[in-house]
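Written out below as structure tokens is the structure these notes cover.
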Amino acid sequence: MSDRGCGECTLCCKLMGVPELKKPSAKWCASCDQGKGCTIYDERPQSCRNFQCFWLMDENFPEEFRPDRIHALAAFNDTPDSCVLHVDPAKPRAISSPEVNALTDALLKSYKRVFVMCGKESAMLQA
Ligand code: SF4
Ligand code: SF4
């Protein structure tokens, strides 16, 4: 458990798809006040209620790795031996930043495979 809060981060409201809203991944949700929060918070869909990125869940991830700061977020995948690193396609160079490289290395210590998604681009990294 973590006592963290999202603060000014709203990056999952861009990078994650929301089936209930037919919101595609990598596009801002129309209900997001960017950098502030959800404008329909009390009525937000269940998938939004359920979602937490790894940074929010685990205080072992450094504070400076908050997703809006590194332009990337890590989250569970459908299979327990892999996870997904979603990179903001507006900041493609973030893929090779020291912070994202360090995050990827940390993820590969816990997961056999890390799927990296950046807009229409994707790659699979293996431990
Ligand atoms: S990406 Fe993580 S820290 Fe940022 S708003 Fe979503 S859950 Fe919160
Ligand atoms: S409904 Fe709210 S929490 Fe869900 S993606 Fe849109 S802005 Fe984010």
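The values are calculated or read from the model by the stated rules, or taken from the named source; none is laboratory data. Being a predicted model, the structure only gives us computed values, none of them experimental. Ideal geometry is used to build each Cβ from the backbone, glycine not excepted, and the neighbour counts take in all protein chains shown. For the accessible areas, the whole protein counts, side chains as well, though only heavy atoms, and no ligand, DNA or RNA atoms are used. Shrake-Rupley method; radii C 1.70, N 1.55, O 1.52, S 1.80 Å.
Some values worked out for this structure:
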| read-out | value |
| --- | --- |
| Scan of region 2-37 for residues that are outside any loop (DSSP other than H, G, I, E, B), open to solvent by 40 Å² or more (accessible area, probe 1.4 Å) and more than 9 Å from ligand 1 (Cβ to nearest atom), ordered by number | 19, 20, 21, 33 |
| Pairs with Cβ under 6 Å, 6+ apart, first in region 50-66 and farther than 17 Å from residue 83 by Cβ, second in a helix (DSSP H, G or I) and open to solvent by less than 20 Å² (accessible area, probe 1.4 Å) | 66/55 |
| Selection count, region 76-86, where residues are surrounded by fewer than 20 Cβ atoms within 10 Å (Cβ to Cβ), at pLDDT 95 or above and either under 18 Å from residue 25 (Cβ atoms) or within 12 Å of ligand 1 (Cβ to nearest atom) (or both) | 4 |
| Residue list for region 38-51, restricted to those being outside any helix (DSSP H, G or I) and loosely packed, with under 15 Cβ neighbours inside 10 Å | 39, 40 |
| Residue list for region 1-16, filter: without any contact (Cβ under 8 Å) to a residue 60 or more places away in the chain and within 9 Å of ligand 2 (Cβ to nearest atom) | 10, 13 |
